[in-house]
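In what follows, a structure is listed as structure tokens, so that the remarks can point back to it.
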Amino acid sequence: MTAQQEVEPIDYSQEPNGFHRKDFIHTNQIETREQLLWILNLAKNLDKLFAARSQEINIKLKQVLNGFFIIIAMYEGSTRTDTTFVAAGLKLGAEVLNLLGMQQFSSAIKGENLPDTTMVFNAADADILVLRHKENDSSEVASQTLRTYESHTLEINAGSGTASHPSQALLDVYTIYEIFGRIDNLKITFVGDMFYGRTVKSLAEILARLGKGNEFTFIAPEGLQMPPSFVAELAQYSVKIVEADDLSYIGSPDVVYATRAQKERMPADLAAKFDSSSFIITPEVMDSIPEGAILMHPLPRIDEIDPAVDADPRSVYLTKQMEAGLPIRGALYMAMLLPNPFDALSKAMGNE
Ligand code: NCD
């Protein structure tokens, strides 16, 4: 069974809100441990309220973001990220416009550039723009555009190329913190596409910088290893890094974080010859890792995890990890839009 520990009983609600009226485009904007634990704590409060499955509570929660308008613009496929950004907005009472398939169905197909399209969301008076786009610098470009025009619209990066996926990192850290009660002294073995994957980079960045004494093993097939510049960036923190190209290096981790090969981002010849067969997490691989370890995956899964592993109680990708998306994204909206989201939540619940 997964080692379930009590989360540190610290009240972070009195910490200042470092997210208010700022875009959220990279994990490195979360400058301190307290700020990270503050947002996890806010998400935990929401999580408990959602988990009550109470119509009365759900009606009260709708006051929290009542009067705010969120536009979600997805230029790449999305299932979990999109659904939970939509659901979190609706459950907190915001109005949400969900624009999937932007690459095909927006003026991008006519050749419009991202800055010009970004100004449409400003003109539509969105309070928040949630943006997913294939370019690595897309969220910076959109943010610069909005700030240049002193727009009221704030941006959340919901995945930018191979570079960054900060809200996924938050929900991954939330999952780890809920299960282990800490963000320190963790051994994490990342398996799969380190080169094109963005979730691994965002998670590794935040845990290396804000955690203490963590150890990362990056196991990737030839050609899909972590970019050396990124490893060098991580090396400035107190993190131990091992790079390997074989699953036998999986070691004795607390967390195995599997990812798919991002074939749509690879040059055609690499995608065609890519063979993932020796990187699959099978029941035998699970037998080799500790009883108290967990298996994570940002999903979608293609063939990296044998479905026979799903029933292992250590597999959290279809349950705890995926379920963390809703409270984390709700907490992000609240933190960006409300000066004191803890008070707002308390007031909505009728506690003051
Ligand atoms: C990931 C992404 O889009 O980066 N999915 C997600 O948001 N959970 C991972 C992937 O596409 O492989």
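The values are calculated or read from the model by the stated rules, or taken from the named source; none is laboratory data. Just so you know, these numbers come straight off a predicted model, no measurement behind them. Cβ sites come from the backbone with ideal geometry, for glycine too, and all protein chains shown count toward neighbours.
Within region 143-169, if we keep just the residues that are more than 16 Å from the ligand (Cβ to nearest atom) and part of a helix (DSSP H, G or I), the residue that is surrounded by the most Cβ atoms within 10 Å (Cβ to Cβ) turns out to be Ser143.
Determine, yes or no, whether Ala87 is of a type in the set (Gly, Ala, Ser) and assigned to a helix (DSSP H, G or I).
On the way: of a type in the set (Gly, Ala, Ser): yes; assigned to a helix (DSSP H, G or I): yes.
Criteria met by Ala87.
The number of residues in region 219-233 that are in contact (Cβ under 8 Å) with a residue 24 or more places away in the chain and either assigned to a loop (DSSP other than H, G, I, E, B) or under 17 Å from Ile176 (Cβ atoms) (or both) comes to 7.
The residues listed here are Phe190, Phe216; of these, the one that is touching a Gly at 6+ places or on another chain (Cβ under 9 Å) and either in contact (Cβ under 8 Å) with a residue 24 or more places away in the chain or closer than 29 Å to Thr145 by Cα (or both) is Phe190.
Quick one: which residue in Leu49, Leu97, Leu114 is at pLDDT 95 or above and either surrounded by fewer than 15 Cβ atoms within 10 Å (Cβ to Cβ) or out of contact with any helix residue (DSSP H, G or I) (no Cβ under 8 Å at 6 or more places or on another chain) (or both)? Full working, then the answer.
Working: Leu49 fails: either surrounded by fewer than 15 Cβ atoms within 10 Å (Cβ to Cβ) or out of contact with any helix residue (DSSP H, G or I) (no Cβ under 8 Å at 6 or more places or on another chain) (or both); Leu114 fails: either surrounded by fewer than 15 Cβ atoms within 10 Å (Cβ to Cβ) or out of contact with any helix residue (DSSP H, G or I) (no Cβ under 8 Å at 6 or more places or on another chain) (or both).
Only one candidate qualifies: Leu97.
Considering only residues of region 275-289 that are assigned to a loop (DSSP other than H, G, I, E, B) and modelled with pLDDT of 95 or more, which is nearest to the ligand (Cβ to nearest atom)?
Filtering region 275-289 for residues assigned to a loop (DSSP other than H, G, I, E, B) gives 275-276, 280, 282, 289.
With modelled with pLDDT of 95 or more added as a condition, the list becomes 280, 282, 289.
On the way: Ile280: 16, Thr282: 20, Ile289: 22 Å.
So the residue we want is Ile280.
For Thr84, the conditions (1) polar (S, T, N, Q); (2) within 16 Å of the ligand (Cβ to nearest atom); (3) out of contact with any Lys or Arg (no Cβ under 6 Å at 6 or more places or on another chain) all hold with the exception of (3).
Step by step: first the residues of region 63-74, then only those that are in a loop (DSSP other than H, G, I, E, B) and in contact (Cβ under 8 Å) with a residue 60 or more places away in the chain, then the one that is farthest from Met119 (Cα to Cα). Which residue is that? This residue is Gln63.
Counting only residues that are within 14 Å of the ligand (Cβ to nearest atom) and charged (D, E, K, R), which one in region 183-204 is nearest to Trp38 (Cα to Cα)? Looking at the filtered set, the residue picked out is Lys201. Scanning region 290-341 for residues being more than 12 Å from the ligand (Cβ to nearest atom), among the basic types (Lys, Arg) and not in a loop (DSSP other than H, G, I, E, B) gives a total of 1.
Test Ala271 against the stated conditions and say whether it is within 16 Å of the ligand (Cβ to nearest atom) and in a helix (DSSP H, G or I). Judged against the criteria, Ala271 is a match.
Evaluate the following for Tyr174: is it modelled with pLDDT of 95 or more, in a helix (DSSP H, G or I) and within 16 Å of the ligand (Cβ to nearest atom)? Taking the combined requirement at face value, the residue satisfies it.
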